[in-house]
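Here the structure comes first, spelled out in structure tokens, and everything after it is commentary.
The values are calculated or read from the model by the stated rules, or taken from the named source; none is laboratory data. Only a predicted model underlies this, so the values are computations on that prediction, with no experimental measurement involved. Here the Cβ positions follow ideal geometry from the backbone for every residue, glycine too, while neighbour counts run over all protein chains shown. Ligands, DNA and RNA are excluded from the accessible area calculation, which covers all protein heavy atoms including side chains. Shrake-Rupley method; radii C 1.70, N 1.55, O 1.52, S 1.80 Å.
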Amino acid sequence: MRKFLTATLLCMALTVTMVPAAFAADTADSNYTTCMAAIQEQKVIQDQAHQTAESLRQKGYDDSSAYIQAAQSTWWAAQDEIVAYQKLSQYTDEDIRILTTAVFYEAGHTTEQLREYVAQVVLNRVADSRFPDTVKGVITQPGQYATKYATQAATDSIKSADSQNGTYYYAMCEAAVKKAMMGQVDMPSNVLYQANFAQGKGVWQSVYFNSGWYASTSYFCYG
């Protein structure tokens, strides 16, 4: 997933555009390292926004000025990114790989929304005391997902098919996983079930998908 933050402050003509290192292609860095780098970049943006606002105040602008409000909006947008990367940094490369693989097998050929929802259900389970407290534990729990999802062979199979077919399913699933890990998927924390039938304590949301050759309804249910 590639994210851009562009801040335009009219009075100073300050424009900052960046691509966080956490989503840079072919990086050899660990998830934690790249998240820390992305956080540092966001802090630079905050410093620039703060300096711009202070300069404007010295020139006589007050905080109701659209220019200062633009600087403040830039600072808070960067803060949101920092919080998101802090959340993502708590997961290992292995967590991301396993969950990405699971999302592919559960919803890889569907929609962005369904991929994100599948990822979030797993993370909701990780946070719930009734389920294992790791991504791998939730995915390999007997009678739930599938043990094969956690294997390197399953991941390699997806990447090999993408390479041969010129597709990007693994990358799309990884983007959904990281978005969920960053706390950016809107789903209640007590939604713990995902299947093609209703279960648990009731349906939070059902999502219909029709590719033209395959149709299904996924039910996301309270636990």
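Pairing residues of region 90-106 that are within 13 Å of TYR170 (Cβ to Cβ) with residues that are among the aromatic types (Phe, Trp, Tyr) and not in a loop (DSSP other than H, G, I, E, B), at Cβ distances under 7 Å and at least 6 apart in sequence or on separate chains, gives ILE98/TYR149; THR100/TYR170; THR101/TYR149; ALA102/TYR149; PHE104/TYR169; PHE104/TYR170; TYR105/TYR149. The residues on offer are ALA24, ALA28, ALA66, and the sole one that is among the aliphatic types (A, V, I, L, M) and at pLDDT 95 or above is ALA66. Consider SER64 carefully, then state whether it is under 28 Å from LYS179 (Cβ atoms) and among the polar types (S, T, N, Q). Answer is no for this residue. Within region 194-207, is even one residue within 23 Å of ILE96 (Cβ to Cβ) and surrounded by 11 or more Cβ atoms within 10 Å (Cβ to Cβ)? The answer is yes, given that some residue of region 194-207 is within 23 Å of ILE96 (Cβ to Cβ) and surrounded by 11 or more Cβ atoms within 10 Å (Cβ to Cβ). Scanning region 208-222 for residues that are of a type in the set (Ser, Thr, Tyr) and either part of a strand (DSSP E or B) or open to solvent by less than 70 Å² (accessible area, probe 1.4 Å) (or both) yields TYR208, SER211, SER216, THR217, SER218, TYR219, TYR222. If you go through region 106-128 and keep only what is within 27 Å of ALA215 (Cα to Cα) and either basic (Lys, Arg) or outside any helix (DSSP H, G or I) (or both), you end up with GLY108, HIS109, THR110, THR111, ARG115, ARG125.
In the condition set (1) outside any strand (DSSP E or B); (2) surrounded by 12 or more Cβ atoms within 10 Å (Cβ to Cβ), ASP186 is compliant with all but (2).
For (1) among the β-branched types (Val, Ile, Thr); (2) in a helix (DSSP H, G or I), each residue gets a yes or a no:
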{"site": "THR101", "(1), (2)": "yes, yes"}
{"site": "PHE104", "(1), (2)": "no, yes"}
{"site": "ARG130", "(1), (2)": "no, no"}
{"site": "VAL138", "(1), (2)": "yes, yes"}
{"site": "GLN144", "(1), (2)": "no, no"}
{"site": "ILE158", "(1), (2)": "yes, yes"}
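Regarding ALA119, is this residue open to solvent by less than 70 Å² (accessible area, probe 1.4 Å) and within 16 Å of the chain's Cα centre (by Cα)? It is true that ALA119 is open to solvent by less than 70 Å² (accessible area, probe 1.4 Å) and within 16 Å of the chain's Cα centre (by Cα).
The condition of being in contact (Cβ under 8 Å) with a residue 60 or more places away in the chain, part of a helix (DSSP H, G or I) and at negative phi holds for only one of ALA49, ALA77, ALA38, that being ALA77.
Residue by residue, here is whether (1) at pLDDT below 95; (2) of a type outside the set (Lys, Arg); (3) buried (at least 23 other Cβ atoms within 10 Å of the Cβ) holds:
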{"position": "GLN72", "(1), (2), (3)": "no, yes, no"}
{"position": "ALA77", "(1), (2), (3)": "no, yes, no"}
{"position": "ALA84", "(1), (2), (3)": "no, yes, yes"}
{"position": "LYS87", "(1), (2), (3)": "no, no, no"}
{"position": "LEU99", "(1), (2), (3)": "no, yes, yes"}
{"position": "TYR105", "(1), (2), (3)": "no, yes, no"}
{"position": "GLY108", "(1), (2), (3)": "no, yes, no"}
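In region 199-223, the residues that are more than 20 Å from ALA119 (Cβ to Cβ) reach residues that are modelled with pLDDT of 95 or more with C-beta atoms within less than 6 angstrom, at least six apart or across chains, in these pairs: LYS201/TYR222; GLY202/TYR222.
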